[in-house]
There are 2 protein chains.
Amino acid sequence: MPTSSQSYPMSGGEDQHSYIHNSSYQKAAVDGIEEKTRQYILEKIDLLNLNPDLSTFTIADFGCSIGPNTFHAVQNIIDAVKRKHLKESQENSLVFLEFQVYFNDQPNNDFNTLFRSQPPSSQQEYFSVVGVPGSFYGRVLPRNSIHIGYTSYTTHWLSKVPEHVCDKKSPAWNKSYIQCNNLIEEVTKAYKVQFTKDMSVFLKARAEELVPGGLMIALGQCLPDGVPMYETWSCIVKDTIGDCLLDMAISGLTTIEKIELFNLPVYFPEFSELKGAIEQNGSFTIEMMETEDHPLEAMQLTNDFITSMFRAIFSKVIEEHFGNGVVDELFDKLAKKLSKQPIDFEKCKKQMVYYIVFKRK
Amino acid sequence: MPTSSQSYPMSGGEDQHSYIHNSSYQKAAVDGIEEKTRQYILEKIDLLNLNPDLSTFTIADFGCSIGPNTFHAVQNIIDAVKRKHLKESQENSLVFLEFQVYFNDQPNNDFNTLFRSQPPSSQQEYFSVVGVPGSFYGRVLPRNSIHIGYTSYTTHWLSKVPEHVCDKKSPAWNKSYIQCNNLIEEVTKAYKVQFTKDMSVFLKARAEELVPGGLMIALGQCLPDGVPMYETWSCIVKDTIGDCLLDMAISGLTTIEKIELFNLPVYFPEFSELKGAIEQNGSFTIEMMETEDHPLEAMQLTNDFITSMFRAIFSKVIEEHFGNGVVDELFDKLAKKLSKQPIDFEKCKKQMVYYIVFKRK
């Protein structure tokens with residue numbers, strides 16, 4: 001049963017502000033690990049051991065959003081499994097393999113757009129496409145039903161904003177900051193606790209859903225050990241969004257009180273922290289765990305690109321709190337602020353892309 | 001892989017014209033067979049024989065639309081299976097049962113509304129809710145994956161309008177009628193051929209998806225043998241919709257040519273015809289097949305009720321052909337025409353609700 005949690009999907013639909021048209025940053029990271037994923041599946045997955053009578057191979061993307069990245073990622077996994085199946089079939093007589101792909105996201109994700117934007121039938125190698133509405137911080141699929149689970153750029157979304165960070169009387173009060181930027185130790189601690197708790201719930205649920213021997217592939221963003229969030233460019237952008245909100249409070253478009261009650265439910269862990277969270281769950285063996293630079297990290301991202309990307313990601317959560325009609329003005333302001341004070345990428349510390357493969361014991 | 005077919009979902013969303021708020025006629029039929037379904041499952045399903053290690057019981061609703069009827073029907077099936085499971089568990093040690101429910105409909109069905117209108121978590125007995133976009137005239141789920149399939153008020157929707165009925169040069173030309181009203185023999189024949197073909201594809205796909213011993217429960221509307229469509233009240237309503245379109249052509253809101261190119265892709269078979277179609281597929285045994293009166297058949301349906309119901313069902317297919325902005329005017333006209341010339345229910349012949357349970361050999 002999906003557990004209740006706060007839920008802020010990426011921008012739906014297919015217009016200029018939609019996630020569909022503003023997710024190339026995430027896609028670059030997904031593309032970056034495609035070859036590695038294929039190789040890993042080819043070398044390490046043992047179909048015969050999974051089940052010699054296996055006729056349906058099941059794949060789940062947890063937190064798939066609305067495409068197109070999920071379709072690329074899933075296709076890549078299917079291609080690799082098909083090659084592996086072909087190879088193993090030459091030695092053992094395996095049955096013909098069909099694929100079933102579960103696309104999971106929050107119930108208020110735009111599944112209509114996801115389903116309508118799926119690649120046309122002739123290009124689809126997989127047979128059965130299914131949508132699974134529900135928070136991945138809880139079980140969404142039957143026990144022992146998934147052979148490969150996948151999740152990309154998702155686990156930094158917490159199930160909720162940690163308590164106390166919006167409470168003026170708490171030492172973990174985040175003042176008028178709208179994110180965990182690592183400037184206030186107690187705030188960082190509160191976010192850490194929530195992240196650890198959420199990761200534990202996430203992994204427990206996946207451990208139940210994956211078959212023994214099944215794989216979980218996860219990628220996303222993390223901080224190198226010892227690098228505080230506030231030294232990264234994406235933190236600067238989010239703090240700038242906070243500044244724009246303060247400007248809007250001054251012009252009466254929102255209030256300071258409202259801003260003080262708002263925090264983004266996102267947290268980027270340090271690499272060792274992430275590793276610790278996975279190791280703590282005893283149901284998996286970590287098969288591979290590494291970080292690399294984001295493929296676009298070396299590039300000077302344009303202000304337009306940054307504004308559109310952050311709008312597609314955060315407009316829903318902002319709208320939910322500040323009401324309709326704030327988003328246009330806010331991101332106009334962000335674009336202007338960024339063009340007046342461009343981000344000095346050379347001075348920023350890099351965030352990293354983490355890539356983990358873990359196997360269900 | 002979903003096959004391509006014409007696809008006209010029920011009216012989405014949750015406004016006054018939505019299917020959600022205008023599907024009580026169909027619900028009455030679903031309610032009418034609930035007790036029978038529970039009894040049948042309790043008496044006849046053999047969980048031990050299906051699979052003694054069964055831990056996930058799978059149910060699929062083919063052509064589920066957007067609720068709430070699908071949730072009622074599925075809950076009823078789950079309740080019965082749970083009771084049966086409890087009973088069998090006392091004699092044999094069966095494992096704890098989880099449920100997975102596949103909600104199937106065309107990719108342009110409003111799955112967002114379906115997912116958002118599902119009963120809240122605490123009321124949900126089933127664990128995993130899954131949406132399956134794709135035409136049921138083709139495979140949509142893996143082989144041997146479903147224990148109970150269900151379909152309600154769906155199979156009268158053909159995969160397409162039969163060829164020739166819109167072709168002026170064909171003997172099967174349906175003139176300016178917009179449906180198969182049984183007034184032109186060649187038209188009836190063309191619709192019959194399409195229906196038989198579609199049912200064959202439907203049953204072939206379900207035969208592959210159901211596990212041996214799995215059940216398929218189907219209900220819908222049919223004609224008693226020997227009763228022509230034009231003697232039923234629902235045919236009169238559709239012919240009246242056709243008349244309204246002709247009126248609109250006279251006032252220039254559409255054209256005769258456009259009307260002549262339009263036919264509803266729906267066909268209600270006679271009971272024996274439906275039986276023949278199922279018997280022709282050799283993969284099932286018919287366990288129960290009966291007809292009964294529709295629970296609302298004896299009531300004088302109000303013109304408002306009729307207009308709203310037909311609008312929720314047919315507005316998409318009409319909009320697709322005649323363009324936006326026709327629907328409001330058309331159903332206003334229908335309401336007026338019906339109030340001037342009310343349907344004389346006593347003079348009409350009854351359509352019947354059919355209820356079939358067939359078992360995968």
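The values are calculated or read from the model by the stated rules, or taken from the named source; none is laboratory data. Predicted model only: the values in this text are computed from it and were never measured. We place every Cβ from the backbone using ideal geometry, glycine too, and count neighbours over all the protein chains shown. Please note that ligands, DNA and RNA were not included when accessible areas were found on the heavy atoms of the full protein model with its side chains. Shrake-Rupley method; radii C 1.70, N 1.55, O 1.52, S 1.80 Å.
Overview of results
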quantity: So A:TYR102, is it in contact with an Asp or Glu (Cβ under 9 Å, 6 or more places away or on another chain) and among the hydroxyl-bearing types (Ser, Thr, Tyr); calculated: yes
quantity: Count of segment B:248-287 residues which are in contact with a Leu (Cβ under 9 Å, 6 or more places away or on another chain) and of a type in the set (Gly, Ala, Ser); calculated: 2
quantity: Number of the exception - A:TYR102 against (1) surrounded by fewer than 17 Cβ atoms within 10 Å (Cβ to Cβ); (2) facing chain B (nearest Cβ under 8 Å); calculated: (1)
quantity: Any chance A:LEU42 is more than 18 Å from A:GLN118 (Cα to Cα) and either open to solvent by less than 10 Å² (accessible area, probe 1.4 Å) or at pLDDT 85 or above (or both); calculated: yes
quantity: Among (1) more than 16 Å from the chain's Cα centre (by Cα); (2) away from chain A (no Cβ under 13 Å); (3) at pLDDT 85 or above - the single one B:THR70 does not satisfy; calculated: (1)
quantity: Number of the condition not met by A:THR291 [criteria: (1) touching a strand residue (DSSP E or B) at 6+ places or on another chain (Cβ under 6 Å); (2) farther than 19 Å from A:ILE217 by Cα]; calculated: (2)
quantity: Filter result for the condition that a residue is within 13 Å of chain A (Cβ to nearest Cβ), free of Cβ contacts under 8 Å to residues at least 24 places away in the same chain and open to solvent by less than 10 Å² (accessible area, probe 1.4 Å), over B:PHE57, B:PHE115; calculated: B:PHE115
quantity: Residues being acidic (Asp, Glu) and within 17 Å of the chain's Cα centre (by Cα) - total across segment B:294-324; calculated: 0
quantity: Number of the exception - B:LYS169 against (1) more than 30 Å from B:ASP328 (Cβ to Cβ); (2) of a type in the set (Lys, Arg); (3) assigned to a helix (DSSP H, G or I); (4) over 16 Å from the mean Cα position of the chain (by Cα); calculated: (3)
quantity: Residue match in segment B:13-23 (condition: open to solvent by less than 30 Å² (accessible area, probe 1.4 Å), at negative phi, among the small types (Gly, Ala, Ser) and touching a Phe, Trp or Tyr at 6+ places or on another chain (Cβ under 8 Å)); calculated: no
quantity: Residue among B:ALA80, B:ALA29 that alone is at pLDDT below 90, at negative phi and away from chain A (no Cβ under 14 Å); calculated: B:ALA29
quantity: Output for segment B:138-163, where each listed residue is surrounded by fewer than 18 Cβ atoms within 10 Å (Cβ to Cβ) and either more than 14 Å from chain A (Cβ to nearest Cβ) or under 18 Å from B:ILE313 (Cα atoms) (or both); calculated: B:HIS156, B:LYS160, B:GLU163
quantity: Every residue from segment A:127-137 that is open to solvent by 10 Å² or more (accessible area, probe 1.4 Å) and more than 7 Å from chain B (Cβ to nearest Cβ); calculated: A:PHE136, A:TYR137
